[in-house]
Each structure stands twice: as structure tokens, then as C-alpha cells.
Amino acid sequence: MDIKGVVTTPPMPLPPQEVKVVNAVNVSVVLTPKEIYDKLVAAGVGKTTMRLDKQIAAGVLAGLYIGFGFTTCMLVGGQVPKLAADYPGLQVFLFAGFGFPLGLTLILLGGADLFTGNCNYMVLAWIEGRCTVLHIVRCLTISYFSNLCGCLWMGKMMVYADIFNGTKKNFPISAAQKKCSYTFGRGGAQGI
């Protein structure tokens, strides 16, 4: 084709060449379901041999992280009453989008020990016959109460720091009153 005095020709195709693979390595970054299951079972087995002081410290840390995340929820999403009145769905999205994901991210990155994850790990290890019911009860009891201590500690720090002063206290108080008015069955179902 002639464009302004320049002659162009289509490129010549190269002949196909054979590619030789030497020392191929499987570099999959995604685990198979079986590999995931095996890792969860191994995590449950690992919890049976974890030192008591380490398990308590990791559990308290998880409680602090969840408490910090919920405090963030209340400070970011709970302090916009006009948004809650005009656009309640957006306020709920703002409330839920900050704190809980933050708490879980801190737990994952910090290696803390959350009760809900332990329920999964320990039951899977028990199903595989790699731990006893006594191991499960011990781990879940320590995890539950150390998580509770961490949450209570974070709550006490918020009180001492006077973070929810003035009108900021309205949302946490109304949220607590609302949750305490639920029946046991409703509260349990919503917790799930």
C-alpha cells in the first residue's frame, strides 16, 4: 500500500518454533479445597499444643481488635444521625463497612486467636480424630474468656479516654438498649 510515497508490505510470518520446558514447577497461588481443609485441621491440632500464656495473650489481643473495630463502627457510622434518618441503608453500610472488617483484618494480620475461628479449627481436628473433646473444651473456653477480657478492656479504655463524650454517647447507648431488649432467641438468631 502506498501512503504518501511510503510503500508498506505486510510482515512476514515467523515459522513456528518448539518451546522446551525445563524443570517445570507448579506455582499455583490458590490452594485446592483439600489443601485448605488440611491447613484448617493442622491449625486445630496446633491449638492443642499451644502454651497457655500464648493462647491467653492471643485471645485477649483478638478481643482488643474486635473492640477497636466496633469502636470505629460507632465513631464513623454511628455519629451521622441525619444520614440515618434520611438514608438508613447508607448509614448501616457506613456503620458495617468500617469496624468489623477492620477488626478481622487486624486479627488476621496480627495472628490473634478469635473464638469463632477456633470453633471451626477444633471441630475439624476432632472430626479427623486428631484431638479430643477435652482439647476442644479447653481451647474454646480459654479463647472465649480471653476474647471477652480483651473486649472489656477495650471498653474500659474507651470510657477512660472519654471518646464517647457529649452527643457521641447517644448512639452507643441507644444501640445497647436496642440489643438488650431482644429476646434470647432473637438475639441468638441475629448473632448467627
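If you check Ile163, Ile142, which single one turns out to be surrounded by 12 or more Cβ atoms within 10 Å (Cβ to Cβ), in a loop (DSSP other than H, G, I, E, B) and in contact (Cβ under 8 Å) with a residue 60 or more places away in the chain?
Every option except Ile163 fails the conditions.
Please enumerate the residues belonging to the range 128-139 that are open to solvent by 50 Å² or more (accessible area, probe 1.4 Å) and within 16 Å of Asp113 (Cα to Cα).
His135, Val137, Arg138, listed by residue number.
Are any residues in the range 96-118 surrounded by fewer than 16 Cβ atoms within 10 Å (Cβ to Cβ) and either under 17 Å from Ser146 (Cβ atoms) or of a type in the set (Val, Ile, Thr) (or both), and if so, which ones?
Thr105, Gly110, Gly111, Thr116
All but one of (1) open to solvent by 60 Å² or more (accessible area, probe 1.4 Å); (2) at pLDDT 90 or above; (3) farther than 22 Å from Gly150 by Cα hold for Ala125, so report the exception by its number.
Among (1) open to solvent by 60 Å² or more (accessible area, probe 1.4 Å); (2) at pLDDT 90 or above; (3) farther than 22 Å from Gly150 by Cα, the lone unmet condition for Ala125 is (1).
Going by the conditions given, is Asn170 in contact with a Lys or Arg (Cβ under 7 Å, 6 or more places away or on another chain) and surrounded by 12 or more Cβ atoms within 10 Å (Cβ to Cβ)?
no
Being outside any helix (DSSP H, G or I) and modelled with pLDDT under 95: is that true of Phe171 here?
Spelling it out, it is not the case that Phe171 is outside any helix (DSSP H, G or I) and modelled with pLDDT under 95.
Give the range 79-133 a look and list any residue that's more than 21 Å from Tyr65 (Cα to Cα) and outside any helix (DSSP H, G or I), or say none.
Residues satisfying the conditions are Val80, Tyr87, Glu128, Gly129, Arg130, Cys131, Thr132.
Listed here are the residues, each with its yes/no results for (1) among the hydrophobic types (A, V, I, L, M, F, W, C); (2) open to solvent by 40 Å² or more (accessible area, probe 1.4 Å); (3) modelled with pLDDT of 90 or more.
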{"site": "Val7", "(1), (2), (3)": "yes, yes, no"}
{"site": "Pro15", "(1), (2), (3)": "no, yes, no"}
{"site": "Val29", "(1), (2), (3)": "yes, yes, no"}
{"site": "Ile36", "(1), (2), (3)": "yes, yes, yes"}
{"site": "Leu40", "(1), (2), (3)": "yes, yes, yes"}
{"site": "Lys54", "(1), (2), (3)": "no, yes, yes"}
{"site": "Gly63", "(1), (2), (3)": "no, no, yes"}
{"site": "Leu75", "(1), (2), (3)": "yes, yes, no"}
{"site": "Leu94", "(1), (2), (3)": "yes, yes, no"}
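The values are calculated or read from the model by the stated rules, or taken from the named source; none is laboratory data. Note that this is a predicted model, so its numbers are computed, not measured. Because the Cβ atoms are built from the backbone with ideal geometry, glycine has one as well, and the counts that use them run over all protein chains shown. When the accessible area is computed, the model is the full protein with side chains, heavy atoms only, and any ligands, DNA or RNA have been set aside. Shrake-Rupley method; radii C 1.70, N 1.55, O 1.52, S 1.80 Å.
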